[in-house]
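Some notes on the structure that comes next.
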Amino acid sequence: MARDLPVGGARTTAGATAPSVFDLVGFHWQGAGTVLFRTHALTGRWSSWRPVAPEAEDLPDPGSREGSLRRGWRLGSPYWVGASDRVAYRVVGDVRRLRAWYVWSPVERTPLRTTAMTGTPKIVLRRAWGANEEITRGAPRYARAVSFAVVHHTAGSNAYTRSQSAAIVRGIELYHVRGNGWNDIGYNFLVDKYGQVFEGRAGGIERNVIGAHAQGFNTGSTGIAVIGNYSAARISAAAMQALVGLLTWRLDVAHVDPLSTLSWRSGGNPRYPAGRAVTLRAISGHRDTGPTSCPGAALYSKLPGIARQVAATGLPKLYAPQALGGLGGQIRFTARLSTPAAWTVTVKGASGAVVARGRGTGTAVSWTWNAARTTSGSYTWTIEAGPQTRPASGTIGKAPPPPPPPASSPILTGLVVTPPVVSPDGDGIDDAPAASYTLTARASVTATVLDATGTAVATPFAAQLQGARRQTFTYPADGLADGSYTLVVSAAGEDGRAGRLTAPFAVDRTLTGLALSTSTLTPNGDGVDDSLGLSFTLASPANVVVQIEQAGAVVAPVATESLPAGAAQLTWDGTTPSGPAPAGTYDAVVLVDGPFGRTRHAVSFTVAR
């Protein structure tokens, strides 16, 4: 849940009551200034002051769809703070707008189940830690290969229990997707201080999933975050062992030498402009790729030793396999072995029959297949060096596309846009349209917004490759004027099918500026905050319903009337049809019948007696 916080100048210190209990919080702001915060726990204690964004380059790559949704905002890191109800904040310098994102991620008592497939460490998969698959915004994207690992820390609290770790991961997912507008959680893997390893971004733990953890260096890397802050604190022995095991396995899957270095071209960030060649280690820290202190000085200093442990674990290994050349010429297969061994290169055709094979002994694999008479088709190759070494494999050529399925089977179904009327007033309720649809096969998808005249006014994304599943995305309505719109979603399937669906929605800013006279109502007759004042502004005359709700149920009607355009003020005395409202958390709700339909607006408050 998001709330804008008032900013009163170049130096501001203020406090705010959260709309509900939260245990993870993050901040977004506009401007070049800095923001600090602290939180008030339900136990009654305030935390120490913290900067809101120590790791500013935990971001998607420039130019990507998920990197553009919050353009113009600076995105703070999510902090696990435990059950809390208030925040205090300090603004220094140029901060023109500040928004807090409150996340409630309750701890579940269900024991976590880990999966350890052959040759893999124990990993808590997404379904086990409770990933919310319904909120992900797009299909996973994949790189050609993983060439290096980037180690992070989450920069939040180190004071968490083993049972809270999954809740922290769920909270980070919610913040990265709903707060930052990313497709999914940014990290590929997370490790807690107890040695538990969590699958991060969806797409397959052995596949080359592109994350959103190191701006300009996401494609071709795997991002691993250790939960906690390791600027000064030492990583626990359990976390160290888990991190070494995870890196050993993941780099072995990618056939990367943990002690190697490489030159990598940046995709662009404030430290390394796009195209700049950067020398990296196969196990790098986040600070190696961008202007950040991540993963903290204490953990960063351990990376050379971690790399040596990874290199010495799980031997023997096969590094840097390649197939150079193409069909119709000479194809040279190369690789390097950690220790001398007998090796074999095998090439098979589409039917699985062996068409070529080469053998040798030593640490250097080098063999050439004369494919001069082979100009088409699809072939697979494998480099093996004994049962203890993970084999490498790849493909040469291109298989013919599968025949298209029957035309009666649609590739795109079930387009829905909610809410039907959007009210982008910043209250966190119905501020943006959310669209969902189902793809029955992998497809290239384009989404376009048309105005009432049929003119395209926005393109949320174009030619985005998405998988066969229910897809969901949210489009910010800030740039759309009030009016009626149509969302058009077009899909071009890899199997030859195509589909196009439309769904209407509207943008209505009839009501703006809903505010309460107090965040805590104390109807005790002392003349202070005995009643609740509601104020808002109407852009045009409208029928308005004002009511008090608790947990979604109406507990007290306040007013139902037609109001003229301009400022409006109403008052609730704290009573319900059954008597005085009991102590608790409530919502002051205003329903407005505008020119495009009904919109809902709400602000939370508490009754204290």
Does residue 515 satisfy the criteria of being assigned to a strand (DSSP E or B), touching a residue at least 24 places away in the same chain (Cβ under 8 Å), of a type in the set (Gly, Ala, Ser) and surrounded by 15 or more Cβ atoms within 10 Å (Cβ to Cβ)? no
Go through the residues of segment 208-215 one by one and say whether even a single one is assigned to a strand (DSSP E or B), assigned by TED's automatic domain parsing to the domain that holds residue 164 and touching a Ser or Thr at 6+ places or on another chain (Cβ under 9 Å). yes
From the options 345, 354, residue that is loosely packed, with under 13 Cβ neighbours inside 10 Å and free of Cβ contacts under 8 Å to residues at least 40 places away in the same chain: 354
Residue check, residue 151 against (1) at pLDDT 95 or above; (2) assigned to a helix (DSSP H, G or I); (3) closer than 16 Å to residue 286 by Cβ, all met but one. Which one? (2)
Those residues of segment 1-24 which are more than 17 Å from residue 95 (Cβ to Cβ) and part of a strand (DSSP E or B) amount to 17, 18, 19, 20, 21, 22, 23, 24
Being within 21 Å of residue 97 (Cβ to Cβ) and surrounded by fewer than 18 Cβ atoms within 10 Å (Cβ to Cβ) is the filter; apply it to segment 17-48 and report the residue that is farthest from the chain's Cα centre (by Cα). 17
Residue among 444, 376 that alone is assigned to a loop (DSSP other than H, G, I, E, B), in contact with a Leu (Cβ under 8 Å, 6 or more places away or on another chain) and surrounded by fewer than 19 Cβ atoms within 10 Å (Cβ to Cβ): 376
Assigned to a strand (DSSP E or B) and either under 19 Å from residue 240 (Cα atoms) or modelled with pLDDT of 85 or more (or both) - does that describe any residue in segment 118-133? yes
Close pairs from segment 579-603: first of a type outside the set (Val, Ile, Thr), partner surrounded by fewer than 18 Cβ atoms within 10 Å (Cβ to Cβ) and part of a loop (DSSP other than H, G, I, E, B), Cβ under 7 Å, at least 6 apart: 583/608; 583/609; 597/420
Filter segment 447-486 for residues that are closer than 18 Å to residue 599 by Cβ and not in a loop (DSSP other than H, G, I, E, B); which is modelled with the lowest pLDDT? 474
Filtering segment 430-483 down to residues that are among the hydrophobic types (A, V, I, L, M, F, W, C) and more than 13 Å from residue 505 (Cβ to Cβ) yields 439, 441, 443, 445, 456, 461, 462, 463, 465, 468, 473, 481
Near pairs, Cβ below 9 angstrom, 6+ apart or cross-chain, from segment 80-108 (on the phi > 0 side of the Ramachandran plot) to any residue that is part of a strand (DSSP E or B) and polar (S, T, N, Q): 82/39; 93/34
Please state which one of 495, 530, 526 is free of Cβ contacts under 8 Å to residues at least 12 places away in the same chain and out of contact with any strand residue (DSSP E or B) (no Cβ under 6 Å at 6 or more places or on another chain). 526
Looking at (1) part of a loop (DSSP other than H, G, I, E, B); (2) at negative phi, find the lone condition where residue 361 falls short. (1)
Against the conditions (1) within 17 Å of residue 138 (Cβ to Cβ); (2) surrounded by fewer than 19 Cβ atoms within 10 Å (Cβ to Cβ); (3) of a type outside the set (Gly, Ala, Ser), where does residue 482 fall short? Just the number, please. (1)
Among residues of segment 573-588, those that are within 41 Å of the chain's Cα centre (by Cα) and either surrounded by fewer than 16 Cβ atoms within 10 Å (Cβ to Cβ) or farther than 14 Å from residue 554 by Cα (or both), counted: 3
Could you please tell me which pairs satisfy a Cβ distance under 6 Å, a separation of 6+ or placement on different chains, a first residue in segment 10-29 that is in the same structural domain as residue 52 (by TED's automatic domain parsing), and a second residue that is among the acidic types (Asp, Glu) and in a strand (DSSP E or B)? 18/85; 21/85
If you take the residues of segment 589-609 that are aliphatic (A, V, I, L, M) and over 31 Å from the mean Cα position of the chain (by Cα), which of them is nearest to residue 541 (Cα to Cα)? 592
Just one of the numbered conditions (1) in a loop (DSSP other than H, G, I, E, B); (2) surrounded by fewer than 20 Cβ atoms within 10 Å (Cβ to Cβ); (3) touching a Lys or Arg at 6+ places or on another chain (Cβ under 7 Å) is not true of residue 271; which one? (3)
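The values are calculated or read from the model by the stated rules, or taken from the named source; none is laboratory data. Just so it is clear, the model here is predicted, and its values are computed rather than measured. With ideal geometry, Cβ positions are generated from the backbone for all residues, glycine too; neighbour counts draw on all protein chains shown.
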